[in-house]
Structures are given as structure tokens and as C-alpha cells.
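Everything below concerns the one structure shown next.
Nothing in this text is a laboratory measurement; each read-out follows from the coordinates by a stated rule. Fair warning: this is a prediction, and the values are worked out from it, not measured in the lab. Methodologically, a virtual Cβ is constructed for each residue, glycine included, from the backbone with ideal geometry; neighbour enumeration extends over all protein chains shown.
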Protein chains: 2
Amino acid sequence: MQNPTAAMIVIGDEILSGRTRDSNMHYLAGELTKVGIDLREVRVVPDETAAVVAAVNAVRALFDHVFTSGGIGPTHDDITADCIAAAFGVGIGVRDDARAILQAHYDRAGTVLNDARLRMARIPEGATLIENPVSSAPGFTLGNVHVMAGVPSVFQAMVASVLPTLTGGRPLLSQSYRIARGEGDIAGPLAALAGEYPDLIMGSYPFQKDGVYGANIVIRGQDGVRVDEAMVKLAALFPA
Amino acid sequence: MQNPTAAMIVIGDEILSGRTRDSNMHYLAGELTKVGIDLREVRVVPDETAAVVAAVNAVRALFDHVFTSGGIGPTHDDITADCIAAAFGVGIGVRDDARAILQAHYDRAGTVLNDARLRMARIPEGATLIENPVSSAPGFTLGNVHVMAGVPSVFQAMVASVLPTLTGGRPLLSQSYRIARGEGDIAGPLAALAGEYPDLIMGSYPFQKDGVYGANIVIRGQDGVRVDEAMVKLAALFPA
């Protein structure tokens with residue numbers, strides 16, 4: 001059985017300009033691997049309606065799940081909820097349950113729920129809310145698209161809210177082996193080994209440290225016995 | 001005059017599985033911003049021919065420049081050069097000048113230029129080599145696609161080789177201002193200010209630190225006088 005597939009869309013001018021270094025992609029990649037959902041593509045797009053809508057519609061047709069990060073706050077550059085509504089061709093407006101969540105949050109803080117903050121209760125029609133235990137303003141799921149905040153602590157909390165609701169697959173197991181020889185020496189035997197194990201993925205990740213050239217060889221697969229077996233053969237080819 | 005546009009394609013299973021955290025995207029984004037080339041999209045794709053070819057052909061038609069990272073080493077999972085040749089519909093083979101660069105490098109190191117290492121001299125027809133002062137094996141430019149290594153030190157050296165050969169635009173200037181108030185308080189006045197300056201990009205990046213909510217407001221534009229003017233008005237709206 002194939003694992004479910006996923007794509008991620010990172011929405012934000014600040015990533016593309018180099019001002020901010022994204023961390024949500026790396027976090028999501030690790031979490032999806034743990035539950036056996038294969039992240040197959042990531043796109044980073046600017047805060048522009050046409051770009052976001054095009055990316056969402058392209059990837060939601062190709063993959064089982066789409067996760068977005070960024071653009072769901074109260075300011076004028078937060079356009080993601082409107083983009084998702086446009087991508088699905090549905091309406092969007094302030095929803096009572098989302099408003100109630102915000103009202104309770106700001107009442108506790110002694111802060112007024114003004115028009116700007118109320119924007120965070122605008123949810124596309126037909127969506128399910130994603131709980132935000134950090135700062136209350138919810139994310140949402142519409143169809144196979146899970147829309148989450150860009151602030152890393154909030155993004156991570158929302159991922160923790162969403163993932164248990166999804167059906168995962170068999171987690172990808174992985175083992176790695178460090179070889180202190182140049183990739184050019186490793187490549188031939190490694191390619192032959194990879195040919196023997198077409199069900200496994202073998203990657204070579206070169207390093208150079210203190211004048212030593214080498215590579216970390218990573219063997220990945222869903223069957224732990226096969227991964228073990230291949231790893232033993234690799235170690236025999238390149239004894240430490 | 002519009003600045004030239006660019007996209008980046010990061011090629012690598014290790015990024016999508018969460019094993020490795022990519023750093024080349026953030027580096028390239030910063031370097032392009034300095035020279036006035038607008039990075040408009042990034043795609044991260046797996047080490048699979050169909051995925052790489054589709055991504056390359058999609059973005060090279062949309063943007064002035066495409067930068068790729070990853071997959072040009074000597075091992076069996078290094079498929080980028082073949083993918084680029086396939087995307088452009090041209091042949092690929094070992095090229096004499098690339099072979100000579102590798103031969104000189106390995107002669108100096110006292111290492112044999114074996115078949116695996118020779119793979120790194122396979123260059124698509126019609127390409128120009130990109131110098132690699134770190135580890136010799138060259139990148140290449142074909143059409144508007146600049147193909148570079150994934151190892152960060154090599155990637156950065158290749159970016160330094162390529163960028164001076166490209167025509168840039170007006171660098172995007174940026175100033176930021178820290179406001180220790182919730183985004184919900186900032187959003188209304190900020191939206192009005194953004195409306196007054198349609199030539200500038202105003203972004204709000206919330207933070208939460210030691211119980212204080214606030215946001216860094218970043219104003220970007222090509223005209224420094226306009227950025228200054230808007231920043232003075234922003235500071236007057238939200239005195240420190």
C-alpha cells in the first residue's frame with residue numbers, strides 16, 4: 001500500500017526576500033515522516049492572491065494533503081483565508097464559533113476584539129477549525145487543505161492538532177552510516193547495492209570536515225528487516 | 001523598470017524527509033535581494049526525474065532566471081544534470097573542459113578520476129560551466145537555468161561565480177520598526193498607511209517574547225526616500 005502524499009505551501013514575502021529563514025518546512029517534514037505521510041513537494045510563494053491561488057489549486061489536485069503556513073493574522077498582508085476561499089470558489093465571512101473563540105481569548109486578556117482581530121474569525125464556507133492552543137485564533141481545514149499560521153510556535157501547535165485526525169501510512173524507517181572516503185570511491189559499490197534493493201531509497205550526503213572528505217549514506221524504507229539487511233552489506237563494503 | 005525575476009528549485013529527498021534542513025534557499029534569497037533580482041518562487045522536489053523535469057520546465061517559462069541546488073555529485077542519486085538535459089531536450093555527455101578540471105583536481109590530490117567521479121564532467125549540450133573554487137566539479141548554466149551543488153559551501157561559491165554575470169535591478173531597500181503592541185492594534189493604521197504608499201510593500205511579522213506581544217513592521221521599496229517617509233509616519237503612529 002502506498003503512503004498518503006502531501007505538499008506544503010509556505011506563504012510569505014519575508015522568506016523570499018531572505019529576511020526570515022523559514023523553519024516550518026523542516027518541522028513539518030519531520031512530523032509527516034513520523035506518521036507515514038510522504039511530503040512530495042514544497043512551494044514557497046509571495047503574499048499575492050494569484051500566486052497563492054495558483055499554487056493551492058495545482059498541488060491540491062496532485063497530493064492527498066496540502067499544508068499551508070503563513071498569512072492568517074489580522075494585518076492587511078494576511079490574505080491566505082481569502083485565497084483559499086477563492087481557490088475553492090466558496091464564500092468567506094466571520095463565523096460564530098471562531099468569533100466566540102477570539103472573544104473569550106481577548107476577554108481573558110482584557111483586550112478589545114476590534115475589526116482587525118475579527119478578521120481572524122473569517123473562515124471559508126465548509127471549513128473545519130484547527131485548534132490553536134498558543135494564541136487562540138484558529139486555523140482551518142477545507143477539503144484536503146490544512147491552513148495554519150506562520151509563527152513557528154503556533155504552526156507547530158496546529159500541526160499537533162491536525163495530524164492525529166489524518167490517516168497515516170507506514171513510517172519511513174531510516175538508518176545512516178558514515179564513510180570517511182570520497183563519494184567518488186563510494187559511488188560504484190553503492191549504486192550496485194541500490195540496484196539489489198529497489199524497494200529501498202539510498203542517498204549519499206557528502207561532507208567535508210577538517211580536511212576529511214566523506215559521505216553519510218542514508219538507507220530508507222518501510223520494511224525494517226530489509227533496511228537492516230542492506231545496512232549490514234553496506235558496512236561490509238566499507239568497514240569503519 | 002521591473003526587476004528581473006527568479007525561481008529556485010531545491011532538489012533532494014533529504015529535505016522532504018526532514019533529515020536535512022535546507023540552508024541554500026535562505027542564502028540565495030539574501031544574495032538575490034542584494035543585487036535586485038526578485039525571487040518569486042521556490043520549489044522543493046524529490047530526486048525523481050519526472051518531478052525535477054516538470055518543475056524546471058514550469059518555472060523556466062515563468063521567470064527570468066532559475067537556480068537549482070543539489071544532485072550534481074558522483075553517486076547514483078545525483079540525477080540533476082540528466083534532468084536538465086531532458087527538460088531542454090538536448091544531449092548530455094562527458095565534456096573535455098570539465099574532464100580537464102576534474103583531472104587536474106584529482107591529480108593534485110593523488111586520487112584516481114574513476115568512472116563515478118567522471119560523471120561530474122557530464123554536461124548538457126550548449127551549457128556554460130560555473131566555476132567551483134571549493135571542490136572543482138563545475139556547475140553549469142543552460143538557457144536561463146543555473147545548476148549548482150547542494151553542499152552549502154559549494155553552493156555559495158557557485159552563487160558567487162554566477163551572480164556577477166547576471167544583470168540585476170534596483171535592490172529592494174528595507175527598514176524595520178519594532179512595535180510592542182499586538183498586531184490587532186497595529187493592523188488598522190498600518191493598512192491605511194499601506195494604502196497611501198502603493199509603491200511600497202509593508203509586512204507585519206508578529207512576535208511573542210517574555211509575555212510581550214508585538215510585531216516587526218518591515219517597509220520595503222526601491223525608492224529610499226519613499227521608504228524613509230513612510231517609516232517616519234509609521235513611527236509617529238506608534239511612538240516607542
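Near B:Thr5, the amide H atoms lying under 5 Å from its own belong to B:Asp38, B:Asp64, B:His65; only residues 5 or more places off or on other chains count, and H is placed 1.01 Å from N.
Counting other beta carbons within 10 Å of each Cβ, put B:Glu31, B:Glu196, B:Glu41 in order, fewest first. Provide the component values of the computation, followed by the final result.
On the way: B:Glu31 18, B:Glu196 10, B:Glu41 22.
In order of increasing Cβ crowding within 10 Å: B:Glu196, B:Glu31, B:Glu41.
Averaged over the residues of B:202-210, the number of partner chain Cβ atoms lying within 10 Å of the residue Cβ comes to 5.
Could you give the dipole magnitude of the range A:173-237 about its Cα centre, charging the beta-carbon of Lys and Arg +1 and that of Asp and Glu -1, in debye to the nearest 20?
Details: 6 positive and 8 negative charges, 34 e Å.
I would put it at about 160 debye.
What is the magnitude of the charge dipole of the range B:5-165 about its Cα centre, with +1 placed on the Cβ of each Lys and Arg, -1 on the Cβ of each Asp and Glu, and no other charges, expressed in debye to the nearest 20? Write down the numbers at each step before the final one.
Values: 12 positive and 18 negative charges, 37 e Å.
Result for the range B:5-165 is approximately 180 debye, rounded to the nearest 20.
Taking amide H as placed 1.01 Å from N in the peptide plane, B:Gln222 has its amide H under 5 Å from the amide H of B:Leu173, each at least 5 places away in sequence or on another chain. Applying the Karplus relation 6.51 cos²θ - 1.76 cosθ + 1.60 with θ = phi - 60° to the range B:92-104 yields 3J(HN,Hα) values of 8, x, 5, 10, 4, 5, 5, 4, 5, 4, 5, 4, 4 Hz, where x marks Gly and Pro.
Just tell me how shielded A:141-153 is by partners: mean number of partner chain Cβ atoms within 10 Å of each residue's Cβ, no decimals. Each step should come with its number before you reach the end.
Working: counts 0, 0, 0, 0, 0, 0, 0, 0, 1, 2, 4, 0, 1.
Mean partner-chain Cβ count within 10 Å for A:141-153: 1.
Just from its helices, what would the mean residue ellipticity at 222 nm be for the protein assembly as shown, if runs of 4 or more DSSP H residues each count -39500 (n - 2.57) and the sum is divided by every residue, rounded to the nearest 500 deg cm²/dmol?
The helix contribution divided over the protein assembly as shown gives -12000 deg cm²/dmol.
Quick check on packing: order A:202-212, A:42-52 by the mean number of other C-beta atoms within 10 Å, highest mean leading.
A:42-52, A:202-212
Apply 1/(1 + (r/R0)^6) to the Cβ-Cβ distance of A:Ala109 and B:Ala192, taking R0 = 35 Å, and write down the FRET efficiency to the nearest 0.05.
Details: r = 25 Å, r/R0 = 0.70.
Taking R0 as 35 Å, the efficiency between A:Ala109 and B:Ala192 is 0.90.
3J(HN,Hα) along the range A:226-231: 5, 4, 4, 4, 5, 5 Hz, from the Karplus curve 6.51 cos²θ - 1.76 cosθ + 1.60 with θ = phi - 60°, whole Hz, x for Gly and Pro. Taking all Cα pairs closer than 8 Å and separated by 6 or more residues, the relative contact order of chain A comes to 17 percent. The relative contact order of the range B:1-59 comes to 48 percent, based on Cα pairs under 8 Å that sit 6 or more residues apart.
Here's the list of aspartates and glutamates a cross-link from A:Lys209 could span, going by alpha-carbon distance under 15 Å and ignoring same-chain residues fewer than 8 apart: A:Glu183.
State to the nearest 20 debye the size of the charge dipole of the protein assembly as shown about its Cα centre, where the only charges are +1 on K and R beta carbons and -1 on D and E beta carbons.
Values: 38 positive and 52 negative charges, 106 e Å.
In total the dipole reaches around 500 debye.
Under 5 Å between amide hydrogens, built in the peptide plane, is the criterion, and for B:Ile72 it picks out B:Gly150 among residues at least 5 positions away or on other chains. In plain terms, the chain from A:Phe207 to A:Arg170 could stretch by 10.3 nm, reckoned as 0.36 nm per residue minus the Cα-Cα distance.
Comparing A:Thr68, A:Ala55, A:Ala81 along the charge dipole axis of chain A, the residue lying farthest to the positive side is A:Thr68, per the Cβ-charge model.
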